Protein chains: 4
Amino acid sequence: MPRTQSTIDLNSDVGESFGNYTIGLDEEVIPLVSSANIACGFHAGDPVVMRRTVRLALDNGVGPGAHPGLPDLMGFGRRSMDVTLDEIRDYVAYQVGALMAFARAEGGGLQHVKPHGALYNMAVADPTIWQAVAEATASVDPDLILFVLGGANRDDLKAMGRRIGIRVACEFFADRAYNPDGSLVSRREAGAVIKDHDLAAARVLKMATEGRVVCAGGEEIALQGETVCVHGDNPQALALVRRIRETLANAGVAIRPVATFIES
Amino acid sequence: MPRTQSTIDLNSDVGESFGNYTIGLDEEVIPLVSSANIACGFHAGDPVVMRRTVRLALDNGVGPGAHPGLPDLMGFGRRSMDVTLDEIRDYVAYQVGALMAFARAEGGGLQHVKPHGALYNMAVADPTIWQAVAEATASVDPDLILFVLGGANRDDLKAMGRRIGIRVACEFFADRAYNPDGSLVSRREAGAVIKDHDLAAARVLKMATEGRVVCAGGEEIALQGETVCVHGDNPQALALVRRIRETLANAGVAIRPVATFIES
Amino acid sequence: MPRTQSTIDLNSDVGESFGNYTIGLDEEVIPLVSSANIACGFHAGDPVVMRRTVRLALDNGVGPGAHPGLPDLMGFGRRSMDVTLDEIRDYVAYQVGALMAFARAEGGGLQHVKPHGALYNMAVADPTIWQAVAEATASVDPDLILFVLGGANRDDLKAMGRRIGIRVACEFFADRAYNPDGSLVSRREAGAVIKDHDLAAARVLKMATEGRVVCAGGEEIALQGETVCVHGDNPQALALVRRIRETLANAGVAIRPVATFIES
Amino acid sequence: MPRTQSTIDLNSDVGESFGNYTIGLDEEVIPLVSSANIACGFHAGDPVVMRRTVRLALDNGVGPGAHPGLPDLMGFGRRSMDVTLDEIRDYVAYQVGALMAFARAEGGGLQHVKPHGALYNMAVADPTIWQAVAEATASVDPDLILFVLGGANRDDLKAMGRRIGIRVACEFFADRAYNPDGSLVSRREAGAVIKDHDLAAARVLKMATEGRVVCAGGEEIALQGETVCVHGDNPQALALVRRIRETLANAGVAIRPVATFIES
């Protein structure tokens, strides 16, 4: 029987502005979440934006995390690249270190690391990439928590984290349909994205309290996650986050930075 | 009367290769110096090169330092840019953090920060830039040592460091002529660069032991420095470093990373 | 007596989006102007945006122009850099050629070149930079027209263009106050930017028909320009462009791409 | 029976230096070849290097060509990226245009286009990429010649070129072993690279005069190419080029830019 959680983390990608370019509604979404995945300059973000975003997270009691991506600003880190595991380790360490500098400078600490875009998807497809990211993260600071997409392989990923010496948090996607094996339904398929806010919020609540999700085909499966990915790039997305917060609050589920409740 | 030093630091800019591009003779110069100024990806260097160079420094007992530059890879960080003090602070923090990640990952610690090229020259011309660099460095880690060009303003720069909470090391240039006010003779003037190896080595020894240097015009002035800048980008430069080492060894002056002997 | 113009060109900076980042209201401003200054990838813009923007200009009968900038995406090309005249020539030629490829690919031709941001300001302060830009432009295609800020030195700039073999169009700023010497009032001074739309439109009309402008201090001077710079980055700016069009239309002044009426 | 060629083109990748980084022996290899594939700033090269290299090619009667790559300076364009066909078209047009500017500025014309590294390999694996590159090239200038790897599909690629309205030149690799289907033996297999200079030169001669090559397994196949790829990045490579020139000269085969002899 899945454990009942009375606490869950909400995370969102932020700090994706760059130079003269503004993207996302960071000032609005950060107060609504408990963990902030902050871009680190490779696919988005720049030093000025990074400091401002770390400051904003800390001011709101939100756990700042590094959101390292592939070195592809023109493609926003969404295009997979044929990089080696060593390159991945070095790119992750570089970006985590850069963001950690701002966390320290602003009097806080870094909470977590979540790979971005194509790097995340490449890791989902090839667990040796999760391992490379975990190793790089642990080598910089073993107190960091790594966010992964966990489904049927949740136990494997948790075990990998223990082996490498880093805590692993599994992520649930509020607005995405799941396959019976715990993987995400591909965006190319109809129904991959759940647009009904009530339904999405109800799914988050069910995952947070029962550790279960109803799949695209109707089948219910066990699926545990410590953190829920939400978006803040448009007013619709913000409305969904507010809906999820309400639904969780009404059910007595607390929203807190994952570091405050994740088990070692 | 200037204090007699029996110990001096030799520093060199390294880790300037990038991707498929190799520059400098890092494997040869690193064993000859005691502090390594490692490029951080803005004007030179990349994550793969940074890790390898940190490893090489640690393996040779050399203090690894960050060598942050302006964001101008095409210009190798040698072209001054009209950046704000806030941008400087953020660029320095970013790069110091990135390099610190590799120092931690490789089991060492970062020793120092030395701005590169145009950023260094801009700071020499405008002390508020030294202050911005010092503040950024201290905010990331107050145990780091900042390398500055110190002449007549040595006491001011040391006081600035104490105020900000960071140690400041003054740098002496082995192969550059000095003006009576302790500044460097501009490269545009004849005799700015000292090409005679014996003379350069003798000057380093005199500065290290007497805290004095003979200026371009013949006048002798007091000039104290804890670290001496040398180069490793060609065989001639390496020959000069070897000559300096010999000269110092013959006179009983030890060469050590600046962190081992700098006063707080 | 200044010649009466019955035709004027309106130009606007467009194509400044980059990758996932959108900036400006290109689809709205392009139909309102007659010349489009399209970013070329150094300070803004990317190949995908460039093609799309050229297409949009051609579809609207708007003259596409290259808007080359300094290689500083993070600073949006607004920070002056210590580049050499040779570097400027090469950066301009590169960017003009890149944009010309899209003009040819989309079945049109390139009309003009206007340097962006810091490069423009550097040229205003140092005419040898206008000359370097003119030489680079002429070397790629002598049929291109160079946009410059012309005041008291209009004749000098026109003469420079003839010497180099390129037509020079002088630019008037719709929303900027002028000094009696024909230069722009610095943005640091109060009143530098004219916010009253009626006043700005009236000034454009006066310049277009009488070749005269009333300066900040009240003095009226001669000031001729073939093209008027307007903005399209926010709804207010669009409203001003519409106001200017109305005012010109009511006075019988035609708005056309500068190439259709500029004298050789 | 394959036609006897009395003329062949030798091409080499050049202009790969960047800013302060020098790579390749351009001044030595350019006089030895008849076509120069010049990097265009995405994977290597910069505007200053591009102009200098175009100048060097023209001074030596060598046909300048664009060598467009993926936007990955850190990976030297050698890492495949998940780019769309539209992105490929736009990246190629941009880079071809940029180089064409220097060819025009230096009083010459661009001869050809050869995709670099990962982009070339991606096209070999997926002919729709050859088509996208051909379309982009033709859209900028239909007089340009596209270099492709042609084996069994030579006729298909030539037909594609005619359909799109561009000439296609097939390339032969002097130092690579071939499979019986006309493809290159993978570098991962033993014997993929032919190190014996006499053998490599003899193979070039046989291809140039008989249109045939002996495969890795001993089988002889028909393989026609108008241009032969050679390298200039080290003294060994230069020695091979000299050997090939000698062998061809002794057999009365002329080495000329492909544009001077390719059939429409």
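For the range A:123-136, a residue qualifies if it is among the aliphatic types (A, V, I, L, M) and within 12 Å of chain B (Cβ to nearest Cβ), and exactly one does: A:ALA136.
Looking across the range D:127-155 at every residue that is out of contact with any Gly (no Cβ under 6 Å at 6 or more places or on another chain) and over 28 Å from C:GLY107 (Cβ atoms), the one that is surrounded by the fewest Cβ atoms within 10 Å (Cβ to Cβ) is identified as D:ASP155. Looking across A:ALA132, A:ALA118, A:ALA136, one residue alone is closer than 13 Å to A:HIS67 by Cβ and out of contact with any Cys (no Cβ under 7 Å at 6 or more places or on another chain). It is A:ALA118.
When C:LEU149, C:LEU144 are checked against the criterion of being more than 21 Å from C:VAL213 (Cβ to Cβ) and in contact with a helix residue (DSSP H, G or I) (Cβ under 6 Å, 6 or more places away or on another chain), C:LEU144 stands alone in meeting it. Are any residues in the range B:73-91 more than 20 Å from B:THR128 (Cβ to Cβ) and within 14 Å of chain A (Cβ to nearest Cβ), and if so, which ones? B:LEU73, the sole residue that qualifies. Going by the conditions given, is C:PRO115 touching a residue at least 24 places away in the same chain (Cβ under 8 Å) and touching an Asp or Glu at 6+ places or on another chain (Cβ under 8 Å)? Taking the combined requirement at face value, the residue does not satisfy it. When D:THR53 is tested against (1) away from chain C (no Cβ under 13 Å); (2) closer than 16 Å to D:VAL96 by Cα; (3) not hydrophobic (A, V, I, L, M, F, W, C), only condition (1) is not met. No other residue among B:GLY45, B:GLY15, B:GLY19 is in contact with a Phe, Trp or Tyr (Cβ under 6 Å, 6 or more places away or on another chain) and of a type in the set (Gly, Ala, Ser) apart from B:GLY19. What residue, of D:ALA237, D:ALA177, D:ALA201, is farther than 23 Å from D:ALA134 by Cα and touching a His at 6+ places or on another chain (Cβ under 6 Å)? It is D:ALA237.
Exactly one residue out of C:TYR94, C:TYR120 is hydroxyl-bearing (Ser, Thr, Tyr) and away from chain D (no Cβ under 14 Å): that is C:TYR120. Inspect all residues belonging to the range A:23-35 and state whether any of them is within 12 Å of chain B (Cβ to nearest Cβ) and of a type in the set (A, V, I, L, M). No: the range A:23-35 contains no residue that is within 12 Å of chain B (Cβ to nearest Cβ) and of a type in the set (A, V, I, L, M). Of the residues screened, C:GLY65 is one that is away from every other protein chain (no Cβ under 13 Å), among the small types (Gly, Ala, Ser) and in contact with a Lys or Arg (Cβ under 8 Å, 6 or more places away or on another chain).
When B:ASP46 is tested against (1) within 12 Å of chain A (Cβ to nearest Cβ); (2) acidic (Asp, Glu); (3) within 30 Å of C:ASN121 (Cβ to Cβ), only condition (3) is not met.
Taking the range C:117-155 as the range and being outside any helix (DSSP H, G or I), modelled with pLDDT of 95 or more and in contact with a Pro (Cβ under 9 Å, 6 or more places away or on another chain) as the test, the residues that pass are C:LEU146, C:PHE147, C:VAL148. All conditions in (1) under 19 Å from A:THR137 (Cα atoms); (2) in contact (Cβ under 8 Å) with a residue 24 or more places away in the chain; (3) more than 18 Å from the chain's Cα centre (by Cα) hold for A:ARG163, with the sole exception of (2). In the condition set (1) within 24 Å of A:GLY161 (Cβ to Cβ); (2) at the interface with chain B (Cβ under 10 Å from one of its Cβ atoms), A:GLY109 is compliant with all but (2).
Among the residues of the range D:161-183, those identified as within 15 Å of D:ALA123 (Cα to Cα) and in contact with a strand residue (DSSP E or B) (Cβ under 7 Å, 6 or more places away or on another chain) are D:GLY161, D:VAL168, D:ALA169, D:CYS170, D:GLU171.
Of all the criteria given as (1) among the hydroxyl-bearing types (Ser, Thr, Tyr); (2) without any contact (Cβ under 8 Å) to a residue 40 or more places away in the chain; (3) under 24 Å from D:VAL113 (Cβ atoms), the one not satisfied by D:SER186 is (3).
Within the range A:2-23, the set of residues being more than 26 Å from A:LYS206 (Cβ to Cβ) and under 16 Å from the mean Cα position of the chain (by Cα) comprises A:VAL14, A:GLY15, A:GLU16.
The values are calculated or read from the model by the stated rules, or taken from the named source; none is laboratory data. Given the structure is predicted, the values throughout are model-derived calculations rather than measurements. For neighbour counting, all protein chains shown are included, and Cβ atoms are generated from backbone atoms with ideal geometry for every residue, glycine included.
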